[in-house]
Amino acid sequence: MKYDELRAIILNESENVIYISDLFTYELIYMNRYGLSTIGADNLEEVVGKKCYKLLQSKDAPCEFCTNNLLQKDSFYTWKHYNNKLDEYFIISDKLIELEGRKLRLEIAINITKNEIEKQKLKFELSKEQTLVKCVQTLAEYNDIEIAINKLLNIIAEFYKGERAYIFEIDHIQQIISNTYEWCTKGISTEINNLQNIPLCSIENWMREFKIKGGFYLTSVGKTVEKESLEYEILVNQGIESLVAAPLIENNEIVGFIGVDNPFANMNDLTLLKSVTFFVVDDIRKRKLMTRLEEMSFTDILTGLNNRNKYIKTLEEIERTPPKALGIVYVDLNGLKIMNDTQGHTYGDKMLKHISQILLDIFKSDVFRIGGDEFVVLCRNIKKDKFELSIVNFRKIMELDKEISVSIGSVWNTGKILIDEQIAHAEKLMYIEKKEYHKRVKNQLF
């Protein structure tokens, strides 16, 4: 067997793609058996004379990445390339050769697709783990839940390269869902205010997917969602063509979901989204508990009004950010000690609840029980005539009430608000009425 024949056999039997093309015309003059099978050709006659860029890359002109101008006779030029037509990765070695005075390109391409996919998979897994750690750190870093969740959604949206990331929470009693947190990329309109109190039945398909798969990727709203449905209307109105979503689960019940609109990366891997839901649910639960504990520390157990702790905190808020106008009402329930001594503490408690409800009915908010029988109302940014009308109404109700009597001191001010002085003035006016009350009681006794 001649040397040339042996060399031809070796080239033909190699498990790498090997071809030779004309350096100037780009026409193929040789391709080995493995190369032919790679591009789907049955024999050499099918490729000889064809343009390499047309046959190998499906291009109508020489490739913009062509290395012909870099080729040398004495060494190979090696580079990595992803072939769009074949959807495979190659390590390519190119060399300039001459045959009968004709300059040719010799290319040996080693298929590294399997290794490259493994490499990218490892890279993706590392990126996913790093992103999850970043999400957990973000939740722990910020005390303000709005800031923490917003930054978390930003991280998730960037991972999936989506336009909008959000959290919906479910009210199973009312059978509604509401968008409670939202992050939008630049140029994307916010939708949170438009997505409140939506009927839970509008996402019954989602709930089914959540229960079966633990998450889903909706690829095409126009093709996969029934066009007459409320679900379709909601998604289309937001410009949503695709989305990924995963359920928030607490005590084996779906309490909400986290999602990303119009994602462009990692859509087929919902591991990150599913993993982060545990931390989101746990964080929201803990923060709600803390909020509830804080509310309890600010609430008067007997009346349900704001207590003295809340009163002090509110005064500090007013000092930091003074309102343009402030009305203060200082109220004392007359004769509470006598009620407790003669009719029992249960009756006295009933009267405290009674006066508390009247104050709430008239002033609506910022009503405080600051002592056993003392109440304060803070009316921020209220007009003088409205404030005075409220006081008149309160006095009329008290005059008609046969069960209780109160002493009232009220002050309204605008401009420079000196909260301590204004409260002291209202308290002083209340005590003036209190003295009149004691004088009346004394005269009735004697």
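So here's what we get for this one:
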{"read-out": "Solvent-accessible area, 1.4 Å probe, carbon plus sulfur percent, for the chain", "value": "52 percent"}
{"read-out": "Label point 7 Å beyond Cα of Lys383 along Cβ direction - residues of region 295-331 with amide nitrogen under 17 Å", "value": "324-327"}
{"read-out": "Rel. contact order, % - alpha carbon contacts under 8 angstrom, at least six apart, region 208-262", "value": "32 percent"}
{"read-out": "Distance violations [Cα-Cα > 19 Å] among Lys364/Lys386; Lys123/Lys211; Lys386/Lys434; Lys288/Lys364; Lys161/Lys286; Lys121/Lys211", "value": "Lys123/Lys211; Lys386/Lys434; Lys288/Lys364; Lys161/Lys286; Lys121/Lys211"}
{"read-out": "Farthest toward positive dipole pole in the chain [+1 Lys/Arg, -1 Asp/Glu at C-beta], among Leu70, Ile108, Ile147", "value": "Ile147"}
{"read-out": "Computed over region 73-127: relative contact order in percent, which uses C-alpha pairs under 8 Å that are six or more apart", "value": "27 percent"}
{"read-out": "Correct choice for Cα extents along the principal axes in Å that was computed from the model, options (i) 84, 55, 42; (ii) 142, 45, 35; (iii) 71, 55, 40", "value": "(ii)"}
{"read-out": "For region 268-322: rounded, prolate or oblate by the Cα gyration tensor [a/c cutoff 1.5]", "value": "oblate"}
{"read-out": "Prolate/oblate/rounded label for region 226-274 (Cα gyration tensor, a/c 1.5)", "value": "oblate"}
{"read-out": "Total charge dipole magnitude, region 86-217, about the Cα centre, Cβ charges on Lys, Arg, Asp, Glu only, Debye to nearest 20", "value": "400 debye"}
{"read-out": "Distance between region 329-350 and region 38-91 - C-alpha centres, whole angstrom", "value": "96 Å"}
{"read-out": "Net dipole in debye of region 154-207 [+1 Lys, Arg Cβ; -1 Asp, Glu Cβ; about Cα centre; nearest 20]", "value": "180 debye"}
{"read-out": "Relative contact order %, the chain, counting alpha carbon pairs below 8 Å whose residues are six or more apart", "value": "9 percent"}
{"read-out": "Positive-pole candidate from Tyr82, Asn12, Met339, dipole of the chain, charges at beta carbon", "value": "Met339"}
{"read-out": "Packing rank of 386-396, 407-417, where each peptide gets the mean count of other beta carbons within 10 Å, highest leading", "value": "407-417, 386-396"}
{"read-out": "Calculated FRET efficiency for the pair Thr219/Glu158, C-beta based, R₀ 25 Å, to 0.05", "value": "0.75"}
{"read-out": "The chain - mean residue ellipticity at 222 nm from DSSP helices (-39,500 (n - 2.57) per run, n ≥ 4, rounded to 500)", "value": "-14500 deg cm²/dmol"}
{"read-out": "Given charges at beta-carbon only (K, R positive; D, E negative), |dipole| of region 177-216 in Debye", "value": "140 debye"}
{"read-out": "Kyte-Doolittle mean at least -0.5 and Cα axial length at least 20 Å: DSSP H helices in the chain", "value": "145-160, 271-297, 345-363, 384-400"}
{"read-out": "Long-range lysine pairs (8 or more apart or interchain), region 77-119, Cα under 16 Å", "value": "4"}
{"read-out": "Net charge contributed by nearby residues that have their C-beta within less than 12 Å of Ile234 (K/R +1, D/E -1)", "value": "-4"}
{"read-out": "Kirkwood Rh and Cα Rg combined as Rg over Rh, evaluated for region 200-281", "value": "0.96"}
{"read-out": "Protection proxy ranking, peptides 215-225, 73-83, average beta carbon neighbours within 10 Å, highest first", "value": "215-225, 73-83"}
{"read-out": "Cβ-derived FRET efficiency at R0 45 Å, Lys286 paired with Asp87, nearest 0.05", "value": "0.45"}
{"read-out": "Charge dipole of region 156-225 about the Cα centre (unit charges at C-beta), most positive-ward option of Leu195, Leu218, Ile156", "value": "Leu218"}
{"read-out": "Listed peptides 182-190, 275-283 by packing density, highest first (mean Cβ within 10 Å)", "value": "275-283, 182-190"}
{"read-out": "Contour excess over end-to-end distance, with Cα ends at Lys364 and Glu233 and 0.36 nm allotted per residue", "value": "43.3 nm"}
{"read-out": "Around Phe76: net Lys/Arg minus Asp/Glu count, Cβ-Cβ under 13 Å", "value": "0"}
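The values are calculated or read from the model by the stated rules, or taken from the named source; none is laboratory data. Just so you know, these numbers come straight off a predicted model, no measurement behind them. Quick reminder, even Gly has a Cβ in these numbers, built from the backbone with ideal geometry, and neighbours come from all protein chains shown. With ligands, DNA and RNA removed, areas are computed over all heavy atoms of the protein, side chains included. Shrake-Rupley method; radii C 1.70, N 1.55, O 1.52, S 1.80 Å.
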